[in-house]
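The values are calculated or read from the model by the stated rules, or taken from the named source; none is laboratory data. What you see is a predicted model; the values in this text were computed from it and never measured. All Cβ positions, glycine included, derive from the backbone under ideal geometry; neighbour counts span all protein chains shown. Calculation scope for accessible area: heavy atoms of the full protein, side chains included, ligands and nucleic acids excluded. Shrake-Rupley method; radii C 1.70, N 1.55, O 1.52, S 1.80 Å.
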Amino acid sequence: MNDPFELMEPEDEPQAAPQQNAGYLDGLNETQREAVAATDGPVLVLAGAGTGKTRVLTTRLGHILLQGKARPGDILAVTFTNKAAREMQERVGHMLGTPVEGWWVGTFHALSARILRRHAEAVGLKSNFVILDTDDQVRLLKQILEAREIDPKRFPPRTFSAVIQRWKDRSLMPDKVPESEAIEALEGHAHTVYEEYQQQLQRLNAADFGDLLMLCVHLFQSQPETLKYYQNRFRYVLVDEYQDTNVAQYLWLRLLAMGHQNICCVGDDDQSIYSWRGAEVGNILRFEKDFPGAKVVRLERNYRSTPHILAAASELIANNEGRLGKTLWTDLDEGEKVRVHGVWDSSEEARWVGDEIEAKHTRGERLSDMAILVRTSAQTREFEERLITLAIPYQVIGGLRFYERQEIRDAVAYLRVIASPDDDLAFQRIVNLPKRGLGQATMQIIHMHARARGISMIMAIRELLTTDELKPRPKKTFTELMNDLDRWRTESQIHTPAELMDIVLDESGYTEMWKMDKSVDAPGRVDNLKELVVGLSEFETLTSFLEHVSLVMENDDSRNTDKVTVMTLHGAKGLEFDTVFLPGWEEGLFPHQRSLDESGTEGLEEERRLAYVGLTRARKQANVTFAGSRRIYGQWQSSLPSRFVEELPTEHIERAGEQGLSRGFDADQSTWGSAGKQGYGAGFKRAQASKPQDDLVFAPARVSADGLEIGQRIFHQKFGYGHIQGLDGDKLDIQFEKAGLKKVMASFVEKV
């Protein structure tokens, strides 16, 4: 337990305003100057991607000081990262020619901690309270669950932590949680645990990160004089990345700004992509309602991307209804059109992207100027393996490389034990995954016996099972585990590696463990396990796969700084590259089906904002790819191009790809037309085999749109049975009995 903000508090004594530097506005364009000069009253700066918002924010800070409108201690500047706060301080200091001390600049959490230190008693803490990190939170929750005899397998501590933090993001203390949520969340356990958790925090004189904002809001709401002090103190409030604020942050800012009302929020509603961690795009959309008479300045001149990229991104995002509206433009050279490339399957997609990167690098382009931006982390595997095959250095940013991820290491460890029973390292990794109730004392007996006899742990267990040294419960558990391993070892001789992995993940309960886990990253881990099975389908033997994994894990030349960047679209916000590859633009993958199912129209609009972010990361070239087929759990499934592909303006994109795929796209109407029946719409599939070199086998279209009628009952291989609700050429609107309303191609359904 520690306080990461303890050393970040500067002295309160403000210094005098520095001498004015007349040239500090040089180089700003007209709207940037307008945003800097509008110092009085509420101001919303809608800063599009690549429009120089950081320069505007820092120049505005310096402008306020240089004009003598405030002393450093009168300014509150809020960022989302400590790095951004340091950068802001450095830039303003450089602009003024002297370090600025005594002001309040930092993250929401750092600034809230600073305020709470001074008023801790008002919220039931002492000024030297400690701040718990995530591990501390989970450890405390685990103790509470044990005391209440709540099954941690059914209700993991991290699940409680996630629910509680979501409440805190909305500034809901235990007594403010809506009754319906208190009853429903984790079968009513979440609310009672939340109450005790807060009591324990107070007893420990501790707070978690969610408390810093929530308790600060509570302080302001319950102590009017304290709020008035800070409202009077902060003559100017500046906020970066306003579109990413959650409810607690919104309330915190609004309370503080209601004094002088000189609040300037900089953000981009079109780049609000973090709802899954509490961000509310509505905060920026209702700014003018919250602050009547607010001035809105739109930064639309982009200094990053070419006209074609900006036009494509702008027309795409214009399909969103929940936005304030702006159109990016640039005076840069026209550049290349956005390339939309269709491929038959995901393996071909990885090969095409890898070959393009290799060709660019051969022409002298730097690898560090190229990026592959995926919708889900599970997509990285095929690209990683292709880059390794081509000996192209790469780095995965914001996450581990595919085979380094916890769930992949666990699954591979099962295979290692099956292939080599003497592999103690792998066995120790999986012996209690999922939890089998094996305690430390039991495992100590196994270790001691193995060392004394000079044998493997599995051999030691087999010997101990013939004695009475183990208690009945662990003896039964080990007997079942040994039987499972023996059975899987036998099945490894008759099943492909992919089939074996599927069996092991199912029978061991490992996949089910992650499905039951309610943490935010659990669904992604399940997707990664599915992708692992897909990867295994390319290997004929278990030995060849394990050798491959060993080579992949060794392929990490950290000395090479020129590397291709591989990352998710969520992690790419704020970055830019000369060339960007955007794979997987298919319905169900992007927009992701989970977002559509859970959030409906709001989810779709956030997915579209994510696509907008992806396109605007590119300086010179953006490449969108989609595959007609992907392998899910070993089965090839046909997929439709993303609706986002159709929303790209035809005059700013260049279509390419396999002959049938590119022909299926109607160049005039930006829709999949009847020509698609001869190519993509034909409903292709891959012959099931373990070798990745198998040729593609195409199945002819089963039906045509002309033979189908509204109301007709049909069958779809993926979605099951349904009734046709609408016809639009070769596109059908079908109400499926289990999957709900879907839009599919006519060639993928059959009459029943």
Might you let me know whether the stretch 158-170 holds any residue that is part of a loop (DSSP other than H, G, I, E, B) and either within 25 Å of GLU121 (Cβ to Cβ) or open to solvent by 20 Å² or more (accessible area, probe 1.4 Å) (or both)? yes
For the stretch 700-718, the count of residues that are modelled with pLDDT of 75 or more and in contact with a Phe, Trp or Tyr (Cβ under 9 Å, 6 or more places away or on another chain) equals 4
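Regarding the stretch 374-389, can at least one residue be identified that is part of a helix (DSSP H, G or I), without any contact (Cβ under 8 Å) to a residue 60 or more places away in the chain, of a type in the set (Lys, Arg) and surrounded by 17 or more Cβ atoms within 10 Å (Cβ to Cβ)? If you could, list the steps in order and put the result at the bottom.
Here is the first cut: in the stretch 374-389, the residues part of a helix (DSSP H, G or I) are 377-389.
Filter again for without any contact (Cβ under 8 Å) to a residue 60 or more places away in the chain, leaving 386, 389.
From the residues that got through so far, the ones that are of a type in the set (Lys, Arg) too are 386.
Still in the running and surrounded by 17 or more Cβ atoms within 10 Å (Cβ to Cβ): 386.
Scanning the stretch 374-389 turns up at least one residue that is part of a helix (DSSP H, G or I), without any contact (Cβ under 8 Å) to a residue 60 or more places away in the chain, of a type in the set (Lys, Arg) and surrounded by 17 or more Cβ atoms within 10 Å (Cβ to Cβ).
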Given the criteria acidic (Asp, Glu), under 24 Å from GLU605 (Cα atoms) and surrounded by fewer than 20 Cβ atoms within 10 Å (Cβ to Cβ), does ASP244 qualify? no
Which of (1) part of a helix (DSSP H, G or I); (2) touching a Phe, Trp or Tyr at 6+ places or on another chain (Cβ under 7 Å); (3) within 17 Å of VAL239 (Cβ to Cβ) is the odd one out, the single condition VAL78 does not satisfy? (1)
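Would you point out which residue out of GLU321, GLU365, GLU334 is under 30 Å from GLY282 (Cβ atoms), surrounded by fewer than 19 Cβ atoms within 10 Å (Cβ to Cβ) and out of contact with any Lys or Arg (no Cβ under 9 Å at 6 or more places or on another chain)?
After applying the criteria, what remains is GLU321.
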Of (1) part of a strand (DSSP E or B); (2) farther than 22 Å from HIS361 by Cβ, ALA371 satisfies all except one. Which? (2)
Filter pass, GLY27 being at pLDDT below 90 and on the phi > 0 side of the Ramachandran plot: yes
All but one of (1) surrounded by fewer than 16 Cβ atoms within 10 Å (Cβ to Cβ); (2) in a loop (DSSP other than H, G, I, E, B) hold for MET448; state the number of the condition that does not hold. (2)
Just checking, how many residues over the stretch 81-111 are surrounded by fewer than 19 Cβ atoms within 10 Å (Cβ to Cβ) and either assigned to a helix (DSSP H, G or I) or more than 34 Å from the chain's Cα centre (by Cα) (or both)? 13
So which of GLN249, GLN223, GLN200, GLN261 is open to solvent by less than 30 Å² (accessible area, probe 1.4 Å) and among the polar types (S, T, N, Q)? GLN249
Condition check: open to solvent by less than 10 Å² (accessible area, probe 1.4 Å), part of a helix (DSSP H, G or I) and out of contact with any Leu (no Cβ under 9 Å at 6 or more places or on another chain). Does GLU349 satisfy that? yes
So, first residue over 15 Å from ARG375 (Cβ atoms) and among the β-branched types (Val, Ile, Thr) in the stretch 611-623, second residue open to solvent by 10 Å² or more (accessible area, probe 1.4 Å) and outside any helix (DSSP H, G or I), Cβ within less than 7 Å, six or more apart or across chains; the pairs are THR616/GLY50
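Looking at the stretch 385-428 only, could you name the residues that are among the charged types (D, E, K, R), within 18 Å of SER508 (Cβ to Cβ) and over 27 Å from the mean Cα position of the chain (by Cα)?
Taking the stretch 385-428 as the starting set, the residues that turn out to be among the charged types (D, E, K, R) are 385-386, 401, 404-405, 407, 409-410, 416, 422-424.
Next, only the ones that are within 18 Å of SER508 (Cβ to Cβ) stay: 405, 407, 409-410, 416, 423.
Across the stretch 385-428, the qualifying residues are ARG416, ASP423.
State which residue is least open to solvent (accessible area, probe 1.4 Å) when the search covers only the stretch 469-492 and only residues that are assigned to a helix (DSSP H, G or I) and more than 30 Å from ALA441 (Cβ to Cβ). Show your work before the answer.
The initial filter retains those residues of the stretch 469-492 that are assigned to a helix (DSSP H, G or I), namely 472-491.
Now narrow it down to the ones that are more than 30 Å from ALA441 (Cβ to Cβ): 490-491.
Working: THR490: 90, GLU491: 35 Å².
Selected residue: GLU491.
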Among all residue pairs at least 6 apart or on different chains, which show Cβ distances below 6 Å where the first residue, located in the stretch 158-181, is more than 18 Å from TRP276 (Cβ to Cβ) and the second is among the charged types (D, E, K, R) and open to solvent by 20 Å² or more (accessible area, probe 1.4 Å)? PRO174/GLU195
Taking interchain pairs and intrachain pairs at least six residues apart, which have beta carbon atoms under 9 angstrom, with the first residue in the stretch 206-234 and in contact (Cβ under 8 Å) with a residue 12 or more places away in the chain and part of a helix (DSSP H, G or I) and the second open to solvent by less than 10 Å² (accessible area, probe 1.4 Å) and among the charged types (D, E, K, R)? PHE209/LYS168; GLY210/LYS168; ASP211/LYS168; LEU213/LYS168; MET214/LYS168
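Just to be sure, is MET443 farther than 23 Å from LEU536 by Cα, in a helix (DSSP H, G or I) and open to solvent by 50 Å² or more (accessible area, probe 1.4 Å)?
Details: farther than 23 Å from LEU536 by Cα: yes; in a helix (DSSP H, G or I): yes; open to solvent by 50 Å² or more (accessible area, probe 1.4 Å): no.
So MET443 fails the test.
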Sort out which residues of the stretch 315-363 are touching a strand residue (DSSP E or B) at 6+ places or on another chain (Cβ under 8 Å), within 20 Å of TRP585 (Cβ to Cβ) and aliphatic (A, V, I, L, M), and write them in order of number. VAL338, VAL340, VAL343, VAL353, ILE357
